[in-house]
Structure formats: structure tokens, C-alpha cells
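Reading through the C-alpha cells given below for one structure.
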Protein chains: 2
Amino acid sequence: MKKLINAPDAVLADSLKGVAAAHPELNVDHTNRIIYRGNPTRAGKVAVISGGGSGHEPLHGGYVGLGMLDAAIAGEVFTSPTPDQIQEATRVVDSGAGVLHIVKNYTGDVMNFEMAAELADADTGVTVATVVVDDDVAVEDSTYTAGRRGVGLTVLLEKIVGAAAEEGRDLADVEALANRVNESGRSMGMALTSCTVPAAGRPTFDLPDDMMEIGVGIHGEPGRHRVPLAPAASIAQQLVDPVLADLDFTGGPVIAMLNGMGGSPLIELYLMYGEVAALLEKAGVTVARTLVGDYITSLDMAGCSLTLLRADDELLRLWDAPVNTAGLRWGV
Amino acid sequence: MKKLINAPDAVLADSLKGVAAAHPELNVDHTNRIIYRGNPTRAGKVAVISGGGSGHEPLHGGYVGLGMLDAAIAGEVFTSPTPDQIQEATRVVDSGAGVLHIVKNYTGDVMNFEMAAELADADTGVTVATVVVDDDVAVEDSTYTAGRRGVGLTVLLEKIVGAAAEEGRDLADVEALANRVNESGRSMGMALTSCTVPAAGRPTFDLPDDMMEIGVGIHGEPGRHRVPLAPAASIAQQLVDPVLADLDFTGGPVIAMLNGMGGSPLIELYLMYGEVAALLEKAGVTVARTLVGDYITSLDMAGCSLTLLRADDELLRLWDAPVNTAGLRWGV
């Protein structure tokens, strides 16, 4: 295992030190492993928080800031944060207008966020609403999930819902919007290589040199099938087809994200997006906004995922609204 | 070789298709492999262009846009663009105020940009000034270079000089500023793994599982020495020491970049920055601005580099000025 780390069990704590050093505009609670905005939530603003296992950076800590998250809770690598951590973040960010929890659909995350929401209500009277993101069309019920997994759409949802909260909408409105975004987006991923979890010290799965995994999850969970390595055009087809088969993306503007899994260089991600864009055009899908790069990763896995979101004027306006985070920044 | 490509000889052309599809705000000349801003250079503005071999994305194409480059010329992977390509870009971007060429110090690049500058002057009367970036403290005279290599400082220089050109400064001013930035910055890199050039199909160099390369170049050129794998704290020391030994970074604000080589995930880069920041603080270096992420890469190489730039109020102001590119974006 070749990694830029001190010790496998210190990766998260050490990485948070770097986040704190690089981003004086954020507050890092090293004990509870929570990244907050530098300023407390302003009175009347719904707070939006998310979290999950680490190893998907810049998700979620890289999306804390104006126009996006109020806080991100970091679990150990590929491990849900605990209810205590989540409850603490919920308590700190609440300004009285309630807190939205954005949860990727993994069994551990769903359970721990639910418990935290109950504790927050019981202990401190904080009203919590929850959206569970489940956009991955690859599989129903996977290694760590009942139902579909929550993957790339989480990034787009955090941006759009964060912008709505920034506008001062109330918790019910923000929750409804989050559910609408979740229902309007789909993702599909693939891997050329496994990732290596530091604490494990060896690749999560074996993938022969001439094979790739289609429909892989962001923790290296098995996908739909293993197939021989293929040209980018064929890989693009194998991502686009299941996404378009699952939801109609024609008839309105679409936000598209071609995401890198962490180990694939940007020149390959742009190349993949070129192939995807050609297929989408052929299918009558109009892409209005695009992200290409590493936005939700799986440590050092080589591979990529495609996320599409059916948008409309309102969602595009919220997408374009100012955002000031380490991972997404514009308009400020 | 596991890559998201169609064919080794089509990587650059196919990737530029993706850039064009993802960035309607840019103009891509697919024949000459040049990325331009969507709008022509405004009258009286010095144009700033750069280029070099591909494989270092987001450098240089990802830095084309308001407040940074007017155009970027892409050579094949790790291969200088030709004088013809560079001359064409120079001709197109000139609005009468002259063109600054930003060239990383590699023999092929220096030669081809020089030839292009002469051709531009002779054929079309365009005045060209050139800055050759040579910030890498690792080695004097390397595989592809006479003198020091040009690496990470190029990113910072393109940002700062691009902002100065945007303010309407004349060519002599912009050139002087570029030289001042070059003299004020230093870099040092390291690799955990080799990169694999698509056309070669196998790793550029062999690096045993228990070794790392200190002082590596951005094409996988040999560095200072190979040493056993070490904890991040030791790696940070091996990057910080030679940089601080080469130039005094105390006594004023510094801009720091902890750059990923392409194959190292962000959680490791933040971890490395945490170690670097602690060493800089101990050495009395005050970091005023920070970048952590993949800004100048070597395809899929795992590893990182450190760049420090001595700044002052003027350089910080130019750093903070609005920039609207795929790779760096703020203030707009």
C-alpha cells in the first residue's frame, strides 16, 4: 500500500488537521470530526448538514460554506459517523429554523442519522427533516444498502438545496425541494481498479488487468457485472444507457456531472465526458450545466461515474447561485 | 494499462472534444489544439498564453478564462506543442498590445516557444515577451531540461500575471511581474508511483513497492534520490527542507500550493498539507493563501508537490482578483 499517510488509523484525524490549516474560513471540531462554516448559522436560516464515511473527498467537508452545507460530519474511512457526532453537529448549526439532514442511502448512515435526529429532537428540541439520496441505478439492495445506493447526485443536491436554504426558505420547503431533486436524478459508476482502504492495507476487491467493473459503488461494492476492458466510447454507453433507461431526461434542461473516482486523471475524465456528451445529444438530452472532475471519490479508485439531474428554471437558478466552498466555488 | 481512453493516439483529440462539450464558454480549435476564451482579447489588453505537453491537466487548458490565460496550446502527452501551433495562438489572441508567453523550462518547450515568438514577430508583427518558469529546486539539468525545471509555480504565475493583464498593464509591466513571481517561488515534488504514458502503455519508470522518488519531475523524470517509503510527516520534511533552503520565505506572506500529481486522492493531499503547514509554522513562514488539490499533474502518478511563493500586498491582491476558469474560479 503506497499512500501519503502517517499511519492507517490516523488518516482521518491527520487529514482534518490539513483541512483546518488550509481553510481558516472553516471551523474544525477535531474531537467530534465536524467541519463547520466559520460563522454560526444566521437566525431564521434552515441549516443543511451532511456526512458519511470519509474517503469520498471533497464530499462532504469540501462542500461546507456559503450556499451549500452548514456542517459536514466525517466518519472513519467508509464508515458512518456515529449518532453522537451527528447530534452534536445538528445542535451546533440549528438557529431555530430547523436542520435538514442529507443522507446517502447506506444502511449505517440511514440508521445513525435517524437516531441522531431523534436524539436532537428529544434532548434539545431541534426539528430535523431528512432526505435520503438513492440515485444509483446500478443495483437494488447492495452490500451495504437496502434499496438503491446514494452516490453522485448528493453533490448536486447539496448545492441546490444549500442555495434554497440560503434564500431563507423554511424547513418544509427545503425538504420538499430535496426530495424533488432526489427524484429527478440518477447515477451510474464504473471502476478500472479497486480502491485500497488504509486500515485494510490491500485492495478492497480483485479486478484482473483486462477487466472492469460496471455499476460499482463508491466503496468498491460489486456492480452489475464485470466485463472486459473497453474503449471509452463503449464505457460511456454502458453508463448512459442504464441512466436514460431509468428516467426520461428529454424535454428540459439537464445538469450533468462526469465524476472521477479519485485515481483517474482529469484528461481521461474530459475524454469520457466527450463520449457521454455525444451520446446524450444523440438521445435528445439537453445539457445546460456540466461538472467534470473529482467530486465524490472512492479513495484511489480509478474509474468514473455519470450523474444526470432533470432541472428546470428554478433548479438552474439555484445551481447558479453563489457558492463558496473548497470543492465548488462561484459567484463570490 | 487501464485507462479511460479510446486509443493511445487519440487521447488528446478526444479529450479536447470533452473540454469543448463541457465548456461552451471556451473556443476549442481542434485542428491546432488550442483552447481560447469565448470572447476575443479586448483592445489594449496584453494577451497571456501558455502551453506545453498534455497530461498535466488542469494545466494549461483549465486556466483559460477571465483573469488568467487568453489561450492554452496543447502538445501531445508530455510533448511540446509545435512552433506553428504556438504561433497560431499568438496571432489569434493579440489585440495589438502584445502577448506574454509563459513557458515551463523544458528544452523542447523553450525552443518551440522561442521559434514561435520569432515567427509571430516576422510574419504578423506581434510583439511577444516570454517568461521561462524554473522553480523546481530538485535538480539542476535533468532529463529534459537545462537548468531547473518549470513546475507548480506556473499555476500561481498564470493566475497573478493573468490578473495584472486584465487590469490593463502594458507588456513590459506584465513581463516584469512574471519574472518577479518566477524569482520569488520554489517547488519540490515526490512520487509514490510512476505515471503511464498512453502511447508507451507501461509505467515510465519502475519504483519498487517499498520505495518513493524524492524530487521527481512532472514527467516522471528522476529526482534527487530514491528512499524507502516513509510517513507523511517525513515526506513533508523532505519537501519543505529543500524549498526553504533555497529561498528565504520568512518576513512576508506566502502563497502555498500542495499539489496532487493525479493519482493521489484529496484526503491524502489534505493530510500532507497538514504536515507541511506544521513545518512551515515552525520555520516562521506565514501562509496567507493556500491551494490543496490537483493543479498540475503527471497523468495518473501518485504523489504530490509543494510550491511556495513569497508574496506582498500587490501579489495577494492580484491573487485574490476575480478568475473564471475551469481549474480556478472565484470572485465571479
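The values are calculated or read from the model by the stated rules, or taken from the named source; none is laboratory data. In this text, all values refer to a predicted model and were calculated from it rather than measured experimentally. Reconstructed Cβ throughout: ideal geometry from the backbone, glycine too, with neighbour counts over all protein chains shown. Keep in mind that these areas ignore ligands, DNA and RNA; they rest on the heavy atoms of the full protein, side chains included. Shrake-Rupley method; radii C 1.70, N 1.55, O 1.52, S 1.80 Å.
Leaving out same-chain residues fewer than 8 places away, which lysines sit with a Cα under 24 Å from that of B:LYS159? B:LYS159 reaches B:LYS45, B:LYS104. One Cα centroid belongs to the range B:201-222, the other to the range B:17-75; the line between them spans 30 Å. The calculated FRET efficiency for the pair A:ALA278 and B:GLU25, based on their C-beta separation and a Förster distance of 22 Å, comes to about 0.70. Each Lys and Arg adds +1 at its Cβ and each Asp and Glu adds -1 at its Cβ; summed about the Cα centre, the protein assembly as shown shows a dipole of about 140 debye. Which residue, A:ILE235, A:ILE267, A:ILE49, has the most motion in a Gaussian network model of chain A that connects Cα atoms within less than 10 Å? In this elastic network of chain A, the residue with the biggest mean-square fluctuation among A:ILE235, A:ILE267, A:ILE49 is A:ILE267. Within the range B:185-330, DSSP assigns beta bridges of which about 75% are antiparallel (rounded to the nearest 5). With q set to 0.09, 0.10, 0.21 Å⁻¹, the log10 of I(q)/I(0) for the range B:130-269, from the Debye formula over equal scatterers at the Cα positions, is -0.32, -0.39, -1.35.
Computed from the Cα positions only, the extents of the range A:10-183 along the three principal axes stand at 40, 39, 29 Å, in decreasing order. Rounded to the nearest 20 debye, the dipole magnitude of the range A:121-220 is 160 debye, with +1 charges on Lys and Arg beta carbons, -1 on Asp and Glu beta carbons, and the Cα centre as origin. Each listed q (0.11 Å⁻¹) maps to a log10 I(q)/I(0) for chain B from the Debye sum over equal C-alpha point scatterers, namely -0.65. Sorted into 5 angstrom bins from 0, the C-alpha pair distances of the range A:182-233 split as 5, 19, 27, 21, 14, 8, 5, 1 percent. Just checking the listed ones, B:ASN39, B:ASN112, B:ASN179: in the Gaussian network model of chain B with Cα springs under 10 Å, the one fluctuating most is B:ASN39.
Between A:MET111 and A:THR143, full extension at 0.36 nm per residue minus the direct alpha carbon distance yields a gain of 10.0 nm. Label point of A:PRO203 (7 Å along Cα→beta-carbon): distances to the other copies' equivalent points are 1.3 nm, sorted ascending. The alpha-carbon atoms of the range B:148-213 define a convex hull whose volume equals 124 cubic angstrom per residue.
Each other copy places its own label point for A:GLY252 at 5.4 nm from this one, sorted shortest first, where the point lies 7 Å along the Cα-to-beta carbon line.
Take A:GLY125, push a point 7 Å out from Cα through the beta-carbon direction, and compare it with the same point in every other copy: 7.9 nm, smallest first. Mean partner shielding of peptide A:292-300, defined as the number of other chain Cβ atoms within 10 Å of each residue Cβ, is 4.
Quick one: work out the % antiparallel among DSSP beta bridges in the range B:10-130, nearest 5.
Antiparallel bridges: around 35 percent, rounded to the nearest 5.
Charging the Cβ of each Asp and Glu at -1 and of each Lys and Arg at +1, and nothing else, the dipole of chain B about its Cα centre rounds to 620 debye. Each label point is 7 Å from the Cα along the Cα-to-Cβ direction; what then is the distance between the points at B:ALA7 and B:ASP248, in nm? Rounded to a tenth, the inter-label distance reads 5.8 nm.
From largest accessible area down, sort B:ASP123, B:ASP135, A:ASP134; use a 1.4 Å probe on the protein chains.
So the residues, ranked largest to smallest area, are B:ASP123, A:ASP134, B:ASP135.
Computed over the range B:185-330, the P(r) tail beyond 23 angstrom holds 36 percent of alpha carbon pairs. Rounded to the nearest 5, the antiparallel percentage of DSSP beta bridges internal to the protein assembly as shown is 55%.
Other residues with beta-carbon under 10 Å from the beta-carbon of B:ALA232 carry, at +1 per Lys or Arg and -1 per Asp or Glu, a net charge of -2. Computed with a 1.4 Å probe over protein heavy atoms only, the accessible surface of chain B comes to 33 Å² per residue. Using the Cβ-Cβ distance between A:ASP313 and B:ASP170 with R0 = 35 Å, the FRET efficiency computed as 1/(1 + (r/R0)^6) comes to roughly 0.20. For the range B:238-257 versus the range A:79-95, the inter-centroid distance based on Cα atoms is 38 Å.
How big is the shadow of the Cα convex hull of the protein assembly as shown, averaged over all directions, in nm²?
That works out to 25.7 nm², a quarter of the Cα hull's surface.
Ratio of Rg to Rh for the range A:1-62: 1.02 [Cα atoms; Kirkwood radius as inverse mean 1/r over pairs].
Averaged over every viewing direction, what's the projected area of the C-alpha convex hull for the range A:105-203? Give it in nm², one decimal, please. Working shown, then result.
Details: hull surface 32.9 nm².
Averaging across all directions leaves 8.2 nm² for the Cα convex hull.
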